[in-house]
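The next block holds one structure in the form of structure tokens; read it before the comments.
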Amino acid sequence: MSTPTPVTYRRAGLSLAGDHWSAPPATSPRGTAVLLHGAGQTRHSWRHTAARLAGHGWTALTLDARGHGDSDWARPRDYTIDHLVDDLVHITGSLGDTPVLVGASLGGITALLAHADHTLARALVLVDIAPRINPGGAARILDFMTRHRDGFATLNEAAAAITAYNPHRP
């Protein structure tokens, strides 16, 4: 696996951390892919994907959203989706290339909204998120998460709750 170069972007008084993965010199350049993690994750969740993309000629940029990983924490009210979108617009504007945005969960929502308002990508890849969300399914997930907010006392208790939630899976 190739080794990334750490990068830092300054935005709204914050340092936002990232890793820049370069394609080997012998490969034809394919463009830039910006990889955005989900809530509770960091840029490191994309390291294998970024290395693989780089091996296929892509420049890959993995980013820690504000308050995640090595990025700075913001003031409590500065974590809205609008702040995340503004960060992404600022960073992609500095690339000198129209990237492909790849976002998982929160990163996918951020990419989708940023592109919808600013047309900043040549393609979007959404993981664990879709342009249209089934309200019933979303309510079911939210209900499950809030009912188990404090976690589980044992692994068996967690397994029983998950089995009750999703009984058709072993």
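The values are calculated or read from the model by the stated rules, or taken from the named source; none is laboratory data. Here the structure is a predicted model, which means the values were calculated and not measured. Cβ atoms come from the backbone with ideal geometry, glycine included; neighbour counts cover every protein chain shown. For the accessible areas, the whole protein counts, side chains as well, though only heavy atoms, and no ligand, DNA or RNA atoms are used. Shrake-Rupley method; radii C 1.70, N 1.55, O 1.52, S 1.80 Å.
Listed values, structure above:
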| quantity | calculated |
| --- | --- |
| Residues located in the range 144-170, provided they are in a helix (DSSP H, G or I) and over 20 Å from residue 109 (Cβ atoms) | 147, 155, 156, 157, 158, 159, 160, 161, 162, 163, 164, 165 |
| Filter result (in a loop (DSSP other than H, G, I, E, B) and open to solvent by less than 40 Å² (accessible area, probe 1.4 Å)) within the range 1-10 | 4 |
| Test: residue in the range 129-149 that is buried (at least 16 other Cβ atoms within 10 Å of the Cβ), within 22 Å of residue 32 (Cα to Cα), among the β-branched types (Val, Ile, Thr) and more than 16 Å from the chain's Cα centre (by Cα) | no |
| Out of 23, 17, 33, sole residue that is under 22 Å from residue 121 (Cβ atoms) and either under 12 Å from the mean Cα position of the chain (by Cα) or touching a residue at least 60 places away in the same chain (Cβ under 8 Å) (or both) | 33 |
| Test result for residue 129, over 20 Å from residue 49 (Cα atoms), of a type in the set (Val, Ile, Thr) and modelled with pLDDT under 95 | no |
| Number of the condition not met by residue 13 [criteria: (1) over 18 Å from residue 106 (Cα atoms); (2) open to solvent by 80 Å² or more (accessible area, probe 1.4 Å)] | (2) |
| Some residue of the range 45-58 being touching a Gly at 6+ places or on another chain (Cβ under 8 Å) and under 16 Å from residue 6 (Cα atoms) | yes |
| Residues of the range 104-128 classified as acidic (Asp, Glu) and under 15 Å from the mean Cα position of the chain (by Cα), total | 1 |
| Residue match in the range 24-36 (condition: modelled with pLDDT under 95, open to solvent by 50 Å² or more (accessible area, probe 1.4 Å) and under 13 Å from residue 92 (Cα atoms)) | no |
